[in-house]
Amino acid sequence: MIAELIAVGTELLLGNIANTDAQMISEKLSALGITVHRHTVVGDNPERLADALETARRRADIIITTGGLGPTYDDLTKQTICRTFGRELELHEDILEEIRGWFAAQMGKAMPENNVQQAMLPVNCVVFDNPVGTAPGCAFEEGGVHVLMLPGPPFECRYMFEHRAAQYLEKLTDGVIVSHEIKIFGMGESSVEEALREPMTQMTNPTLAPYAKLNECMVRATAKAETREAAEAMLKPVVAQVCETLGDVVYGVDVDSLEAVVSQLMRERGLTLAAAESCTGGLIAKRMTDLPGASGVFRGGVVSYTNGVKAGALGVPEALLEEYGAVSEPVARAMAEGCRKVCGSDLAVSVTGVAGPDTDDRGNEIGTVFIALASGKGTICKRLSCGKGRGRDRVRSAAAQQAFDLLRRWMLGLQM
């Protein structure tokens, strides 16, 4: 089955919001064994939407639209689809009562009359009710093409796909597609591709595909089979081969992030962490505390952006700051050791560097970063180049990622 997605909304074309619905739907269609060939975005214009629908119906088995199901004058998705596919709209009284009930329960007021149009749906369609909003969706088949309409707000769209549309689509498929994501830090996309080129070029099912991401990369292994169990059996040796080939730059399979791996390793070992940050400005602490249950492993942090705070809060000797400067190995070591003492943690990581846009007063180039890790076994420190000319945000993000990888390697006993 071949699917096309059509997102409706001028705000998408203007860049006011990102089209996250398309990403979510594509991922879930892949899991159902449905191949997505194209994404289209059109504004709130019935003529352009009709043109997109006419084009899509000639080459797709499934058309899924998002957006344009609201109560305002420019919400014309249903009307345009029905006109294109020769369907009439009819009032669904049960859906209208659900919308009235939603307004009474959620808003504490009567439903505005213009919301009546949301209860107008194609004749003989499968209705997707919407308990988390006011816009119902629907599906119908016409001329061998299945058309599904989903609301645009991401929370409503996700709920409706997972709880309504997926069940409709499952009946149309004859297989499943399963993917595993192999996460990598410390090797670029081109190097990963070179290392895996031979098996990649020989594969048809499963397949391997490398992707560059911010400060890391990923290899997606994908297989299609009649059942999930069969696809998993096909993928198991492929994933193992990739991990063996790439070695310890692989930090996890199907994991959310490097910090999530670090947090889990610390939890398994009963360790706690603190962070002393200068150029990263609290990014390490933010990424740790974004994780659920972070309080079990993360004690706290100090953003010691100035020398005065480095000396006053972390106890970095002023003599070190004067002799070596803030961006130096001795200061990074002292920051980590002071943070570990102040926060009472098992481990403490520190970062000090030059994020730009200029070199520092000691002549350190933009992207020069020192990262230290203090533990009960001593302190280690690395000097890194996190990218001249990459911009402040990229340098800071790369430095934080390097700090998490240093923690991972230390806990696993890997080369640092």
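Treat every Asp and Glu Cβ in the range 249-399 as -1 and every Lys and Arg Cβ as +1, leave all other atoms uncharged, and give the resulting dipole magnitude about the Cα centre to the nearest 20 debye.
On the way: 18 positive and 17 negative charges, 46 e Å.
Here the size comes out at about 220 debye.
Note down the nm distance, to one decimal, between modelled labels 7 Å out along Cα→Cβ at Asn45 and at Asn124.
Taking the two extended label points, one gets 3.4 nm.
On a full-extension model of 0.36 nm per residue, what is the gain between Asp290 and Lys171, subtracting their alpha-carbon distance, rounded to one decimal in nm? Please list the in-between numbers first.
Values: separation 119, 0.36 × 119 = 42.84 nm, distance 3.83 nm.
Net length gain for the segment: 39.0 nm.
What is the calculated FRET efficiency for Glu323 to Glu268, with r their C-beta to C-beta distance and R₀ = 45 Å, to the nearest 0.05? Mind showing how you got there, number by number?
On the way: r = 40 Å, r/R0 = 0.89.
So, using R0 = 45 Å, E works out to roughly 0.65.
What is the extension gain from Asp361 to Ser385, computed as 0.36 nm multiplied by their sequence separation minus the C-alpha to C-alpha distance, in nm to one decimal? Don't skip to the end; give the middle numbers.
Numbers: separation 24, 0.36 × 24 = 8.64 nm, distance 1.74 nm.
Result: 6.9 nm gained on full extension.
As an exercise, use a Förster radius of 22 Å and the Cβ-Cβ distance of Glu232 and Thr20 to find the FRET efficiency, rounded to the nearest 0.05. Before the final figure, lay out the partial values.
Details: r = 28 Å, r/R0 = 1.27.
After rounding to 0.05, the efficiency reads 0.20.
Where the centre of each part is set by its Cα atoms, how far does the range 131-177 sit from the range 193-209, in angstrom?
If we compute the Cα centre of each part, the gap is 33 Å.
Over the range 146-225, average the accessible area per residue using a 1.4 Å probe and give it in Å², no decimals.
Working: 3790 Å² over 80 residues.
Accessible area per residue, the range 146-225: 47 Å².
Can you check what the net charge comes to around Cys82, using other residues whose Cβ is under 13 Å from the Cβ of Cys82 (Lys, Arg +1; Asp, Glu -1)?
Details: positive: Lys78, Arg83, Arg87; negative: Glu88, Glu90, Glu142.
Every neighbour counted, the sum reads 0.
Using a 1.4 Å probe on the protein chains only, how many percent of the accessible area of the chain belongs to carbon and sulfur?
Values: 9500 of 19220 Å².
Carbon plus sulfur share of accessible area: 49 percent.
Provide the FRET efficiency to the nearest 0.05 for the Asn114-Asp254 pair, computing r from the beta carbons and using R0 = 45 Å.
Values: r = 45 Å, r/R0 = 1.00.
Working from the Cβ atoms, E equals 0.50.
Would you mind checking the range 1-44 for residues with the amide N under 18 Å from a putative spin-label position 7 Å along Cα→C-beta of Met218?
19-33, 36
Please list, or write none, the lysines whose alpha carbon is within less than 25 Å of the alpha carbon of Lys171, excluding same-chain residues fewer than 8 places away.
Partners found: Lys28, Lys78, Lys224.
Find out how many positive minus negative residues lie around Asn114, taking Lys and Arg as positive, Asp and Glu as negative, among other residues whose Cβ is under 15 Å from that of Asn114. All intermediate terms of the calculation are to be shown ahead of the outcome.
Values: positive: Lys78, Arg100, Lys109; negative: Asp74, Asp75, Glu113.
Combined, the nearby Lys, Arg, Asp and Glu give 0.
Could you work out [θ]222 nm for the chain from helices alone, using -39500 (n - 2.57) per DSSP H run of at least four and dividing by all its residues? Round to the nearest 500 deg cm²/dmol.
Numbers: 15 runs with 162 residues, N = 416.
After summing the helix terms and dividing by residue count, I get -11500 deg cm²/dmol.
Under 26 Å Cα to Cα from Lys341, which lysines show up? Leave out anything in the same chain fewer than 8 places away.
Once the sequence-local lysines are set aside, what remains near Lys341 is Lys286, Lys310, Lys377, Lys382.
The values are calculated or read from the model by the stated rules, or taken from the named source; none is laboratory data. Since the structure is predicted, the reported quantities are computational estimates derived from the model, not experimental observations. Cβ atoms come from the backbone with ideal geometry, glycine included; neighbour counts cover every protein chain shown. With ligands, DNA and RNA removed, areas are computed over all heavy atoms of the protein, side chains included. Shrake-Rupley method; radii C 1.70, N 1.55, O 1.52, S 1.80 Å.
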